[in-house]
Each structure stands twice: as C-alpha cells, then as structure tokens.
Amino acid sequence: MSLEQAVNQVQHETGGKVLSAQTVRRGRSSFEHRVKVLTPTGHVRVVTVTTEAAKGPASGDSTKNPSSDGGSNKEKH
C-alpha cells in the first residue's frame, strides 16, 4: 500500500482532515505509514498503517538480472 492509499484509507475511515503523513521503515520488508488527522470532533490523532514492501522493488531487481555482470560481481566477492 502506498502512502497516498494509506492517506485515503485513513481519511475515509475517520472522516477527518489529514494534517500530515510520512512513511517509516520498520524492517527489511515492512513499512509504517503514519497519518496525522484532525477528526470531526476536533481531536488530532495519529493513525498508523503497517504494510509490507510493495512488489515493485522486486520487479526492479528483476530488471537488474539481465545484466548478469552485476550478479557475477556479487558472487566473486
């Protein structure tokens, strides 16, 4: 889930106004989106949405595979 998707989800669930949003890495393949929202009742809440890393970077790695020189260099070290 992207940060934009997390913001949309939180905004929909709370019915509030999003004040800020950021993504924090929680490990190798886990991310946390922190969305600060002003609720309709006037309270400020920070909603955390945890997500796995997108498969996009994996496809980025697959584009590196055709350049087998990079892979063979890693094996030599």
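Values quoted throughout were computed directly from the atomic coordinates according to the rules given, and no laboratory measurement underlies them. Just so it is clear, the structure is predicted and the values come from calculations on it, not from any experiment. With ideal geometry, Cβ positions are generated from the backbone for all residues, glycine too; neighbour counts draw on all protein chains shown.
Which of the residues belonging to the stretch 9-23 are assigned to a helix (DSSP H, G or I), more than 15 Å from Val44 (Cα to Cα) and touching a strand residue (DSSP E or B) at 6+ places or on another chain (Cβ under 9 Å)?
The answer is Gln9, and nothing else.
Can you pull out the residues in the stretch 1-41 that are within 9 Å of the chain's Cα centre (by Cα), small (Gly, Ala, Ser) and surrounded by 14 or more Cβ atoms within 10 Å (Cβ to Cβ)?
Ala6
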